[in-house]
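A short write-up of the structure that comes next.
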There are 4 protein chains.
Amino acid sequence: MRTSRLEAFSDGVLAIIITIMVLELKVPEGNTFADLRHATGKGLLSYVLSFVYVGIYWNNHHHMFQLARRVTGGVLWANLGLLFCLSLFPFTTAWMDESDYARFPVLLFGVNLLAAACVYNVLQWVVIGAHGPESPLRQAIGADLKGRVSPLLYLVGILCAQFVDPHGRLGVVIASGCYILVALIWIVPDRRIGRVAREVDSPD
Amino acid sequence: MRTSRLEAFSDGVLAIIITIMVLELKVPEGNTFADLRHATGKGLLSYVLSFVYVGIYWNNHHHMFQLARRVTGGVLWANLGLLFCLSLFPFTTAWMDESDYARFPVLLFGVNLLAAACVYNVLQWVVIGAHGPESPLRQAIGADLKGRVSPLLYLVGILCAQFVDPHGRLGVVIASGCYILVALIWIVPDRRIGRVAREVDSPD
Amino acid sequence: MRTSRLEAFSDGVLAIIITIMVLELKVPEGNTFADLRHATGKGLLSYVLSFVYVGIYWNNHHHMFQLARRVTGGVLWANLGLLFCLSLFPFTTAWMDESDYARFPVLLFGVNLLAAACVYNVLQWVVIGAHGPESPLRQAIGADLKGRVSPLLYLVGILCAQFVDPHGRLGVVIASGCYILVALIWIVPDRRIGRVAREVDSPD
Amino acid sequence: MRTSRLEAFSDGVLAIIITIMVLELKVPEGNTFADLRHATGKGLLSYVLSFVYVGIYWNNHHHMFQLARRVTGGVLWANLGLLFCLSLFPFTTAWMDESDYARFPVLLFGVNLLAAACVYNVLQWVVIGAHGPESPLRQAIGADLKGRVSPLLYLVGILCAQFVDPHGRLGVVIASGCYILVALIWIVPDRRIGRVAREVDSPD
């Protein structure tokens, strides 16, 4: 099975997820800058954060399938699982935003991030499994430090949102900080895959 | 006619259908787990079920058109008919969900599933007809047990929703069980097509 | 310039237009068949009609660009003009539907159809102009009877909606009949283009 | 890295942005031409303007990536930045429209246009940087008069909206005029890139 159609379908779903979230930005009722600040509140921040996360997943998905040559039934379903987790972003982002970053919605956003990260790792294993341990993709991933650190940081965020400073805002602030930190770690695209991709392509 | 553009258009429509349903998930009014349960109710279950169904149709569509080499006018219209049936999923899912799985909306969801299954079969016949009885696709489909059993199970679900236990919930529970059962049957991708596809591609 | 990206972008826009209209179907408030009839009213009819029209445009667009080899700046803008006209379908369909097929909304729907047909003809001329009078596309179009009859039928519909039976429903019924008739005429795909496409492709 | 998937993803996002704005057009409450004028107000004008702007960006994006052969991590993120700016169009257009072209929303629309223009220029630099100063793209851009004049015109519009005629409509009218003028300048596609593209392609 070719990878092109799986990529096209994923592109379509990710394009919709990344764009649909702008519909959450409510038009202000007044006509001034103060109205804008009041209406969007932290909404623009949430929108940027979710946009960046979907962008990161698209980038990594793009990198991974550049080295993939084969699609199996397992890859199709793991990919649909990833798209499912990402499709919940507009919902969890909207709740976090409308609740003004309350404890449980912030925790749930972390759970959504964690679920997406876990399913992405499953997808990676399944894709590697379809290509064998000697595949360029396996070498490109290597130790995959980022892929191991991210779930830990999400978990720290989730636990802080739940247990730190139950009557104040500190736990929520630390959790949000964790989510932003992971985004910053991933904004740098995966150089190793890029390098291996060049090596694989250049001999052709 | 090439199949690439028909596939791209179908991918676009399916990507939108599968993503648009998340907009039905209403943001809870409070900020706790109890509010989440109250707001989404069985909504998440309906969303998962419809997501899985669209995913199944995408997978099978993908498999079918991997073996298709020609597109005729009849294929274009049968494909549009399938997309039309699937485009009604967000509507029938939302009603089933908002009515809290009442009798008639559950029945209507089954009718929608049945209509999609019938049109998919028509599409399969038209595609095979365009390639001749000796085509790899014809051999790949073979006896097509799943394709024959699914409409029967949908029909059982529809009849149970209508006639079983008119004053209780049993009929609706059986109907929902039928719909979930068909989804589970199809989650295993069609190995026969995969196998024939490999045989067709490998001699090239 | 290659045609592939223009086709991909048009596919995306048409896929969204054709799918977004299902959001107009309001979920019924009760749980019975009568509630469904009351809630959707003529909504399903409007949805089917608009779905079929977008499907027809997609089919014809698909046929036309199968024979096109070159894209010029004029083609890009004529294509955007066509997409603009089609993007107004969800608006004009929704109004026609919510007004319960009142005189002016039915007339406006006809104006929208007429505008789309005119811009489609402009696009066809521009594409032919980019390929020269000896191009296969020019021959495939031939006399283009359908392309000439459709605007006339839309015009008849518009005039009937405006002037026939101002205090009754007859004008609106005739107009709707004209719109349905044109759809039926076009559902048969353009055999001439298909034939020429095969002739052009087969010598390769 | 190939450019095809970056183009496909951008096509998807732009297709959604350009189509989603039609949802802002509210269906009139009455059934007459006067109701239509009252309901859409300047809405259709805003819709056309934003549609044309997204169309312009798609055209220029299409031209640019026809000459691009390589995608780097920087190109991916600059492209996502451009898509982010454009994804805010439905929001800023809707506010400008609902506020009946009030001072600050008109100014904000200009800021959105300016931000998109700046990020587009950054994207252009990054793409040229990935291909070297001798690349066809570098020559195709040349002096890039339009790319330099547009931000200045946006800036003039923003300043007029803020400072000219604070108690009247003149500042807003001049600002809107500036935005329309830039759109008119860009509707003519970039002939230089088209010419170089032909020269690059023809020796193949």
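The values are calculated or read from the model by the stated rules, or taken from the named source; none is laboratory data. In this text, all values refer to a predicted model and were calculated from it rather than measured experimentally. FYI the Cβ positions are ideal-geometry reconstructions off the backbone, even for glycines, and counts take in every protein chain you see. Heads up: the accessible areas ignore ligands, DNA and RNA and are worked out on the full protein's heavy atoms, side chains in. Shrake-Rupley method; radii C 1.70, N 1.55, O 1.52, S 1.80 Å.
Structure values in brief
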item: Residues satisfying the stated conditions in the range A:14-32, i.e. among the hydrophobic types (A, V, I, L, M, F, W, C) and modelled with pLDDT under 90; result: A:20, A:21, A:22, A:23, A:25, A:27
item: Residues satisfying the stated conditions in the range D:79-91, i.e. over 14 Å from residue A:19 (Cβ atoms) and of a type in the set (Gly, Ala, Ser); result: D:81
item: Positions within the range B:39-50 being assigned to a helix (DSSP H, G or I) and either more than 21 Å from residue B:95 (Cα to Cα) or open to solvent by 10 Å² or more (accessible area, probe 1.4 Å) (or both), in sequence order; result: B:39, B:40, B:44, B:45, B:48, B:49
item: Total residues in the range B:130-165, condition closer than 19 Å to residue B:105 by Cα and touching a residue at least 24 places away in the same chain (Cβ under 8 Å); result: 8
item: 2 or more residues closer than 21 Å to residue A:84 by Cα: qualifying helices (runs of 4 or more DSSP H) within the range A:101-165; result: A:103-131, A:145-163
item: Selection from the range B:61-108 of residues that are within 18 Å of the chain's Cα centre (by Cα) and among the charged types (D, E, K, R); result: B:97
item: Total residues in the range A:22-38, condition within 9 Å of chain D (Cβ to nearest Cβ), outside any loop (DSSP other than H, G, I, E, B) and under 23 Å from residue D:20 (Cα atoms); result: 3
item: Candidate set from the range A:117-140 (those that are open to solvent by 50 Å² or more (accessible area, probe 1.4 Å) and modelled with pLDDT of 90 or more); member that is farthest from the chain's Cα centre (by Cα); result: A:122
item: Residue ID - nearest to residue A:64 (Cα to Cα), chosen from residues in the range D:52-104 that are among the charged types (D, E, K, R) and modelled with pLDDT under 90; result: D:70
item: Candidates D:111, D:127, D:156, D:149 - the one that is more than 17 Å from residue D:183 (Cβ to Cβ) and hydrophobic (A, V, I, L, M, F, W, C); result: D:127
item: Selection count, the range C:5-21, where residues are without any contact (Cβ under 8 Å) to a residue 12 or more places away in the chain and either more than 9 Å from chain B (Cβ to nearest Cβ) or touching a Leu at 6+ places or on another chain (Cβ under 6 Å) (or both); result: 2
item: Scan of the range D:8-34 for residues that are out of contact with any Ser or Thr (no Cβ under 6 Å at 6 or more places or on another chain) and open to solvent by 50 Å² or more (accessible area, probe 1.4 Å), ordered by number; result: D:23, D:24, D:26, D:29, D:32, D:33, D:34
item: Close pairs (9 angstrom Cβ cut-off, 6 or more residues apart or separate chains): within 12 Å of residue B:106 (Cα to Cα) in the range B:170-191, at pLDDT below 90 and β-branched (Val, Ile, Thr) anywhere; result: none
item: Of residues in the range A:92-103 being more than 17 Å from residue A:183 (Cβ to Cβ) and in contact (Cβ under 8 Å) with a residue 40 or more places away in the chain, the one farthest from the other protein chains (Cβ to nearest Cβ); result: A:100
item: Residue within the range C:73-80 that is away from chain D (no Cβ under 14 Å), buried (at least 18 other Cβ atoms within 10 Å of the Cβ) and not basic (Lys, Arg) present; result: no
item: Yes/no for residue D:144 being within 14 Å of chain A (Cβ to nearest Cβ), surrounded by fewer than 20 Cβ atoms within 10 Å (Cβ to Cβ) and acidic (Asp, Glu); result: no
item: Cβ-Cβ under 7 Å pairs, at least 6 apart or on other chains, the range D:65-82 side of a type in the set (Ser, Thr, Tyr), far side in a helix (DSSP H, G or I); result: D:72/D:130
item: Single residue of B:111, B:164, B:149, B:173 found to be at pLDDT 85 or above, open to solvent by 40 Å² or more (accessible area, probe 1.4 Å), over 20 Å from the mean Cα position of the chain (by Cα) and aliphatic (A, V, I, L, M); result: B:164
item: Qualifying residue in the range A:92-108 (condition: of a type in the set (Phe, Trp, Tyr), open to solvent by 20 Å² or more (accessible area, probe 1.4 Å) and over 30 Å from residue B:23 (Cβ atoms)); result: no
item: Of all residues making up the range D:55-72, the number that are at the interface with another protein chain (Cβ under 7 Å from one of its Cβ atoms) and open to solvent by 10 Å² or more (accessible area, probe 1.4 Å); result: 1
item: Residue count, the range A:1-47 (criterion: of a type in the set (Lys, Arg) and under 21 Å from the mean Cα position of the chain (by Cα)); result: 1
